[in-house]
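To keep things clear, I will list the structure first and then write my remarks on it.
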């Protein structure tokens, strides 16, 4: 396979695959809906809906785990926006629900409702004010003259707030991905030390074949810092911890993360975000 499966799908896939004859009997168990969705300040919503798949059977296939016939709505107050399903190869899976009629606004709460023939799940997220990234420094990797990590400094970090860093490398990644251990509580942030930025393992969805945590000299990298709520912080913290402890890229996902999706699994996020673009090793 040229691409990795979406991490939410893998969470469930591997949980079921990990069961043995001595474990629970999954025969006839209803596989829940898995939602990966977000809306960002000034941008339309993106929602991916999958079915968890039981890999313990003899005819497990990935072909049918993407839900392409759901009714997906986002409510901004009393106003309903019906999202349209479409193919978009910037995402994995490459089928998303979105709407150009709705763009995220700070201070608004967004309710997501996903309906299928057998399930209805929903979640609510509020978009918090975005912190501002003041500067990003390049830090050379010991023993290499071409690889760097980054260190970001931000203004407006609240001690009782929660935050997550993302990055996008131009020409290598088609969208932003969470950085490695980039989820943090404001109380752990230091104005003098900033926060270390390295590429997340899951950024290798794209066909780069580059599994390095580090950025290459001269790369143009956009660093994004998003304000998140406590529920989303809990989700990403567990997920980041799973990655840091895993010795196997796939089995990184074999632990159940907290969810804010009622009736299903996954997450729905509203990101207030600040961005800055740097040229690694030069800016």
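The values are calculated or read from the model by the stated rules, or taken from the named source; none is laboratory data. As the structure is a prediction and not an experimental result, all values here were calculated from the model. Positions of Cβ are backbone-derived with ideal geometry, glycine not excepted, and every protein chain shown enters the neighbour counts.
Name the pairs whose Cβ atoms lie under 8 Å apart, with the first residue in region 252-264 and assigned by TED's automatic domain parsing to the domain that holds residue 180 and closer than 11 Å to residue 238 by Cα, the second modelled with pLDDT of 90 or more and assigned to a loop (DSSP other than H, G, I, E, B), and 6 or more positions between them or separate chains?
Final answer for the pair search is none.
Tell me, yes or no, whether region 124-147 has at least one residue that is more than 23 Å from residue 197 (Cβ to Cβ), modelled with pLDDT of 95 or more and surrounded by fewer than 19 Cβ atoms within 10 Å (Cβ to Cβ).
Within region 124-147, one or more residues are more than 23 Å from residue 197 (Cβ to Cβ), modelled with pLDDT of 95 or more and surrounded by fewer than 19 Cβ atoms within 10 Å (Cβ to Cβ).
In region 76-84, is there at least one residue being more than 21 Å from the chain's Cα centre (by Cα), within 30 Å of residue 186 (Cβ to Cβ) and in a strand (DSSP E or B)?
Scanning region 76-84 turns up at least one residue that is more than 21 Å from the chain's Cα centre (by Cα), within 30 Å of residue 186 (Cβ to Cβ) and in a strand (DSSP E or B).
Looking at region 114-123 only, could you name the residues that are in a strand (DSSP E or B), surrounded by fewer than 18 Cβ atoms within 10 Å (Cβ to Cβ) and in contact with a strand residue (DSSP E or B) (Cβ under 6 Å, 6 or more places away or on another chain)? Step through it out loud before you land on a result.
Taking region 114-123 and keeping what is in a strand (DSSP E or B), we get 114-115, 120-123.
Filter once more, keeping what is surrounded by fewer than 18 Cβ atoms within 10 Å (Cβ to Cβ): 115, 120.
Result: 115, single match.
Conditions tested, residue by residue: (1) on the phi < 0 side of the Ramachandran plot; (2) touching a helix residue (DSSP H, G or I) at 6+ places or on another chain (Cβ under 8 Å); (3) modelled with pLDDT of 95 or more.
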residue	(1), (2), (3)
205	yes, no, no
209	no, no, no
239	yes, yes, no
246	yes, yes, no
255	yes, yes, no
258	yes, yes, no
264	yes, no, no
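Can you tell me which residue among 153, 97 is modelled with pLDDT of 95 or more, assigned by TED's automatic domain parsing to the domain that holds residue 179 and either exposed (fewer than 15 other Cβ atoms within 10 Å of the Cβ) or part of a strand (DSSP E or B) (or both)?
Unique residue meeting the criteria: 153.
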